[in-house]
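Enquirer: Structure incoming, see below.
What follows draws every value from the coordinates through simple rules; no lab data is involved. Every value quoted in this text rests on a predicted model; they were computed, and no experiment measured them. Cβ sites come from the backbone with ideal geometry, for glycine too, and all protein chains shown count toward neighbours.
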There are 4 protein chains.
Amino acid sequence: MASAEAVRDEDEMRKCIEHCLACHRLCLETLADCLQKGGGYAEPGRLQLLMDCADICETSARFLLRGSKLHSRTCFACAEVCGPCAAACEQKDAEHLMKACAEACRRCEESCRRMSGGVMPQPPNPEAAQRAADLPA
Amino acid sequence: MASAEAVRDEDEMRKCIEHCLACHRLCLETLADCLQKGGGYAEPGRLQLLMDCADICETSARFLLRGSKLHSRTCFACAEVCGPCAAACEQKDAEHLMKACAEACRRCEESCRRMSGGVMPQPPNPEAAQRAADLPA
Amino acid sequence: MASAEAVRDEDEMRKCIEHCLACHRLCLETLADCLQKGGGYAEPGRLQLLMDCADICETSARFLLRGSKLHSRTCFACAEVCGPCAAACEQKDAEHLMKACAEACRRCEESCRRMSGGVMPQPPNPEAAQRAADLPA
Amino acid sequence: MASAEAVRDEDEMRKCIEHCLACHRLCLETLADCLQKGGGYAEPGRLQLLMDCADICETSARFLLRGSKLHSRTCFACAEVCGPCAAACEQKDAEHLMKACAEACRRCEESCRRMSGGVMPQPPNPEAAQRAADLPA
């Protein structure tokens, strides 16, 4: 039974690596495309999120590929960045590439959230809750 | 008063960038040095932590330098990695470079912990607590 | 006819991106595996080449994904690093992962060499030739 | 005499690391600033060069910090990217940060050019010369 669990974990990790690498790639492609198109596509907030997301996806993949014991931390950060990035790419009039990027971000977010397994570093406090509430949804 | 606070925040962010970049650099130098020396220096767990730490410090610095709204997440992950990396370099017989690396990790950990401002993503659960307990001190 | 050429170029670029990303990934996996196994696997020269190769492959992929006009330069550097890294992984008794890594390095080297398209920065000089001759084959 | 040369080389390498890391940082800061300011500042070509330059400077610094035998290749690519990036930031009406970035790029270019020591990978050919001529000055 432990063995079935280990196989499942191995499988989840492998999928998470795929999702991180796919998301990393699509964020970079979408970033280049948005820059090229300009106008509303090149909205600074979105460009920044795409850069953030590409960077943390790459780092998260590195931790997973190395089999790092601390991958839950980078997976957590990755999930937290993928969410807002997906939201920034999910627009009514989003073109094909941006939509594909949003989907990759959602898959990566879900996968990384599972791999982050309840990271809970610090006791909650009101100031922190406020700061969290100020962050983009 | 709000202004004094803003200046303090700006100042903390600037220091955190310095600490991340300094830690990134020392981890890479120490990694090369440990590889070169071999034997006990090249203990796999330490080498892996040094790679982890260099990678997340670089990503954390990127988020801060970009003024990303999500830097608390990468700072949190960075603090969580710097701690174990410092511990792996704080050894009775550590040489100069490894000691300098441990100190840089500790400074970066402290600075990033403050910048992570109480990230508290998920309700605690026993499984998560167990996983956390299994991590290197 | 120019159009067929453009399609071919587009196709080569796409393949080069795949090869860089695949090589990046396999180098990181092989690095972790070698560290784990220790002994002759963890030979410092090989570990360093695997780190070098992972880093330049990632950067090369970024330039290509961004459609950077300067990608020939990073492709050139990538080809130059993939070659020695492949050689370090092509050993009589190499295990499956190391062999797969060597093959990924060779594919990436070939692809990047084509994309580097005759980078020729400086007039040759004897000192440079000597330095080049001192480098690992 | 060989010893004086070794000291000089060590010194040059140390300076080159500083220049790469300083350039990496200033490119990321300038990128964020240009994105924020928008308009002519956020000109796609410049943003792309700043991303290119940050990435290759980081990789070049990693090779140097690891003492990699192949650092001449990444230094060469770095010099080739720093030049155009400096040019994109050297504008009549450039603000303080952009000017500082241009200067950091020039210092890094010069330092990396020296460290690249006459990399001369391939015989010149007309097609390559043409491609090179098409690149941004």
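Enquirer: Can you list the copy-to-copy distances for B:Glu95, using a point 7 angstrom from Cα toward Cβ, in nanometres, shortest first?
Expert: Counterpart label points of B:Glu95 in the remaining copies fall at 2.9, 4.6, 5.4 nm.
Enquirer: Can you tell me, using C-alpha contacts under 8 Å and at least 6 residues apart, the relative contact order of region A:1-111 as a whole percent?
Expert: Working: 117 pairs, mean separation 35.5, N = 111.
Relative contact order comes out at 32 percent.
Enquirer: What are the extents of the Cα atoms of region C:1-84 along their three principal axes, listed from largest to smallest and rounded to whole Å?
Expert: The Cα atoms of region C:1-84 stretch 55, 19, 18 Å along their principal axes.
Enquirer: OK, next. Could you name the aspartates and glutamates in cross-link range of C:Lys92, using Cα to Cα under 17 Å and dropping any fewer than eight places away on the same chain?
Expert: Filter leaves C:Glu43, C:Glu103.
Enquirer: Shortest first and in nm to one decimal, what separations exist between C:Gly45 and its copies in the other chains, measuring from label points 7 Å along the Cα-to-beta-carbon line?
Expert: Shortest to longest, the spacings are 3.1, 4.5, 5.5 nm.
Enquirer: Taking Cα atoms of region A:52-92, Rg/Rh with Kirkwood Rh, to two decimals?
Expert: Details: Rg = 11.4 Å, Rh = 10.6 Å.
With Rg and the Kirkwood Rh in hand, the quotient comes to 1.08.
Enquirer: Just how far, in whole angstrom, is region A:5-64 from region C:2-36 if you go by their alpha carbon centroids?
Expert: Region C:2-36 and region A:5-64 have Cα centres separated by 17 Å.
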